[in-house]
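**Q** Dumping the structure here so I can ask a few things about it.
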Amino acid sequence: MERPRKVKKLDDVSLSTKLWVTYAVLLAAMAGVGLWLQYSANRAHEVAAQRTRAADDLITLATTWKTMSSANTAATLASLMSTEPQVVQFFGDRLKAGIAASSEMQKRIQALATTDADKKSFEDIAARRTVVLGLVKKNQELKKSGAQAELLATIEKDFLPAVTAYEAAQGELAAVQVRQRDDIQRDADAEVARSGVIGLLSVLAVLAAGIGWLAVLMRSIQQPLADAVGLAEAAAEGDLTRSAQAQRQDELGRLMRALDRMSQQLRGVVTQVRQGVGSVTVASSQIATGNQDLSARTEQTASNLQETASSLEQLTGTVTQSADVAHKASELADTAARAAAHGGEVVGKVVASMDRIATSSTKIADIIGVIDGIAFQTNILALNAAVEAARAGEQGRGFAVVAGEVRSLAQRSADAAREIKSLIGNSVEAVETGTSQVGEARTAMAGIVDGVHQVSVLIGELAQASLEQRDGIRQINQAVATIDQMTQQNAALVEESSAAASSMKDQAQRLSDEVAVFKIGAV
């Protein structure tokens, strides 16, 4: 079964179609009224012309009939009143021909007499003609009988009044036709005027219908336009909570739906902007807080680096002193070796040298302990610096590399310090052994020489290690100086980042104030 076709509503028809249909209907209606008026006027004039021509023909025939009747009357009187046979014969023949022609004219007039008035007038004329013809026949018989006196009396008393009435009736027929012709013309004019009134009323009706239809059309246009203007004004004032429920399918419906989509998209944009502003505000607050913490930690790191630099300066002095002492110890070891070669005469000097060596070894052990502690603290500081560099992210990457180098140097310093400490411990043991065996110096000189030689070698190594440690400490000083410089730069960057975060927070607040003018309802 075929589905019924959906009938379009007025609101679903496009505005151009409605306007074109309106103009077309109005023009067609006006053209129809004009054509009808033209047709009515032409029809009225055509009918009037036909009836007028019929009346004119009847008037002509009636006038001719009357003329013929007058001629017949004259011929009748001439034939009745004359005593000459030739005259009587002449007018008698003419009378017969005239009566025949009059009878033929009567038939023609009877055929044209279609109205009741015409028929009534014709019947009256025909009756009077019958009377006149009867009197003519009677008078002719009286003339034939020679009753001249009675003939004259009949003519005077009956015939002439009958002829007068007969011709008067014929004249009345022509007059009636004239009046009818005038009536026909007046009727035609009245019909034209009536058609004009009807046409005017029709035009007014069409105009009224057109105005009514335009009023309906304007209402169907004005309300959606008012809704669209209201929606646009509300959006301009920041109210995005309004929506348009347009079901119509014409241009206004599409306009309303487009405005509604625009309002929804703008509402979504404002919502996203508000959410983004909130996120930016929170993020900027977190960044500002993090920058403050980072600034504090950076300042603490700078302070620690300054302390480290100060400690490294002290350590550098100590290491330099240790190197000098080691160099002197090396010289003393050489002297002791030469003294041991000379024998027992220098044992006293060896004992004194051994005492000095013991004292120096004790000092070196103490210094090495200090170096080991400094290396341990440097390792801890480098570890803390690496952690802080990892927290600083991309900006702290170079700092992390330097901190790793510092930590490596600190580890090497600690290893060297432990090795030196071990060596110093051995040296102390050797010195103690040498001291305890001073009494047996003469008998154990060879062993002392060997021990002094070993001490000389160890002290040379200690001097070399001290030199290397001094160079390492200098490198540590340079690294710490670099770290301190980078820390100062990081502090400046942290201040700039803090200022940028504060500015971003202020801008986010201004943006939030700007979008706060929009009302978007619940989301």
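Read-outs throughout are calculated quantities, based only on the coordinates presented, and are distinct from any laboratory measurement. A quick note: this is a predicted structure, and the numbers were derived from the prediction, not measured. Reconstructed Cβ throughout: ideal geometry from the backbone, glycine too, with neighbour counts over all protein chains shown.
**Q** Grab the beta carbon distance between L383 and T22, set R0 = 60 Å, and tell me the FRET efficiency rounded to 0.05. Could the numbers behind the result be given before it?
**A** Details: r = 90 Å, r/R0 = 1.51.
The formula returns an efficiency of 0.10 here.
**Q** Hey, another quick one. Sequence gap at least 6, Cα distance under 8 Å: using those rules, report the relative contact order of the chain to the nearest whole percent. Walk me through the numbers on the way to the answer.
**A** Numbers: 455 pairs, mean separation 98.2, N = 523.
After rounding, I find 19 percent.
**Q** What is the ratio of the Cα radius of gyration of the stretch 10-226 to 2.2 N^0.38 Å, with N the residue count, to two decimals?
**A** Values: Rg = 32.7 Å, N = 217, 2.2 N^0.38 = 17.0 Å.
Normalised Rg, Cα atoms only: 1.92.
**Q** Suppose we flag GluC sites (Glu not before Pro) only when DSSP calls them loop and at most 15 other Cβ atoms lie within 10 Å. Which is the longest uninterrupted stretch of the chain?
**A** Details: sites that count: E2, E237.
Longest site-free region, per DSSP loop and neighbour criteria: 238-523.
**Q** Counting only residues 5 or more places away or on other chains, whose amide H sits under 5 Å from the amide H of D239 once H atoms are built in the peptide plane?
**A** The list, which skips near neighbours in sequence, is K519.
**Q** A further question on this structure: What is the spin-label model distance, in nm, from A500 to Q478 if the labels are put 7 Å beyond Cα along the C-beta direction?
**A** Reported label-point gap for A500 and Q478 is 3.2 nm.
**Q** Right, something else. Taking Cα atoms, how many degrees apart are the long axis of helix 251-342 and the longest axis of the chain, rounded to 10 and kept between 0 and 90?
**A** Its long axis makes an angle of about 10 degrees.
**Q** Also, quick follow-up: Helix 445-515: angle to the longest alpha-carbon principal axis of the chain, degrees 0 to 90, nearest 10?
**A** 20 degrees
**Q** Note down the relative contact order for the stretch 10-226 as a percent, whole number, built from C-alpha pairs under 8 angstrom at least six residues apart.
**A** Details: 144 pairs, mean separation 77.3, N = 217.
Taking the mean separation of contacting Cα pairs over the length of the stretch 10-226, I get 36 percent.
**Q** Let me ask something else. Mind putting together the pair-distance distribution for the chain? All Cα pairs, 20 Å bins, whole percent per bin, short to long.
**A** Binned Cα distances yield the sequence 14, 15, 12, 10, 10, 9, 7, 7, 7, 5, 3, 1.
**Q** Only helical DSSP H runs with n ≥ 4 go in: add -39500 (n - 2.57) per run for the chain, normalise by residue count and round the 222 nm mean residue ellipticity to 500 deg cm²/dmol.
**A** The helix-only estimate for the chain comes to -33000 deg cm²/dmol at 222 nm.
**Q** Taking the Cα atoms only, what angle lies between the long axis of helix 160-236 and the longest principal axis of the chain, rounded to 10 degrees?
**A** 10 degrees
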